[in-house]
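Only one structure is covered here, and it is reproduced in the block below.
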Amino acid sequence: MEPVLTAAAAWLDTVGIGPWSRGSPLVYPLANALHLLGLVMLVGGIGIVDLRILGLWRALPMTGLSRALTPVAIAGLVLMAASGVILFAADGAALARSAIFGRKLIIVAAAVANAAAFRLIWRAHMGGWPDAAPGAARAMAAASLLLWLAAGASGRWIAYG
């Protein structure tokens, strides 16, 4: 993964994003704040849906909750991806060598794959379940919570690794 990340960092420098993110006193802190906002939107949105699938708040309909909060989670993921590119561009060469950053990217990929697989199962059941989710869906919801929290924690650990 390191050669791909090193090439990405070099390309971001070539097109000017790296120097821009390093050279402005506002760009990096703003990107960092937007990255945090994206994490809150993502984990806040999908985390509530995951907890409902796991059995909390049974009075709330799963379908309506998912319909309301999934777009918030997706917007958070998009915001994190965009701001993450800017954060990566600021110190891409070092991040490309970071084992913790590499693990974070793998965790994010696993979380996105889990979410995509879950959506396929959800749609196969015509938009959800009336009351209790099946065991496989509950396992995927638990995995979702753990993966997204692990991705967020990994991002924080990069500074210490």
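Readers should treat all values here as calculations from the given coordinates under stated rules, not as data from a laboratory. The shown structure was predicted, so the numbers you read here are calculated from the model rather than taken from an experiment. Glycine also receives a Cβ, built like all others from the backbone with ideal geometry; neighbour counts cover every protein chain displayed.
Taken one residue at a time, the phi angles of segment 87-103 give Karplus couplings (6.51, -1.76, 1.60, θ = phi - 60°) of 5, 4, 4, 5, 8, x, 4, 5, 5, 4, 8, 7, 5, 5, 4, x, 5 Hz. Gly and Pro are set to x. Applying 1/(1 + (r/R0)^6) with R0 = 30 Å to the Cβ-Cβ distance of Leu54 and Leu30 gives a FRET efficiency near 0.30. Rounded to whole numbers, the Karplus 3J(HN,Hα) couplings from phi for segment 60-75 are 8, x, 4, 5, x, 5, 5, 4, 7, 9, 4, x, 5, 5, 5, 4 Hz, using 6.51 cos²θ - 1.76 cosθ + 1.60 with θ = phi - 60°, and x at Gly and Pro.
What the Cβ-Cβ distance of Ile100 and Ala136 gives, at R0 = 35 Å and to the nearest 0.05, is a FRET efficiency of 0.70. Taking the Cα atoms only, what angle lies between the long axis of helix 2-14 and the longest principal axis of the chain, rounded to 10 degrees? Taking Cα atoms only, the helix is inclined about 60 degrees. Once divided by 2.2 N^0.38 Å, the Cα radius of gyration of segment 67-161 becomes 1.26.
Where the alpha-carbon atoms of the chain are placed on the principal axes, they occupy 52, 28, 27 Å, in descending order.
Contact order, relative form, for segment 2-160: 34 percent (alpha carbon pairs under 8 Å, 6 or more residues apart, mean separation divided by residue count). Between Ala7 and Arg123, what length in nm is gained on full extension when 0.36 nm per residue of separation is reduced by their alpha carbon distance? Here the answer is 38.0 nm.
Computed from Cα positions, the angle between helix 27-53 and the longest principal axis of the chain comes to roughly 20 degrees.
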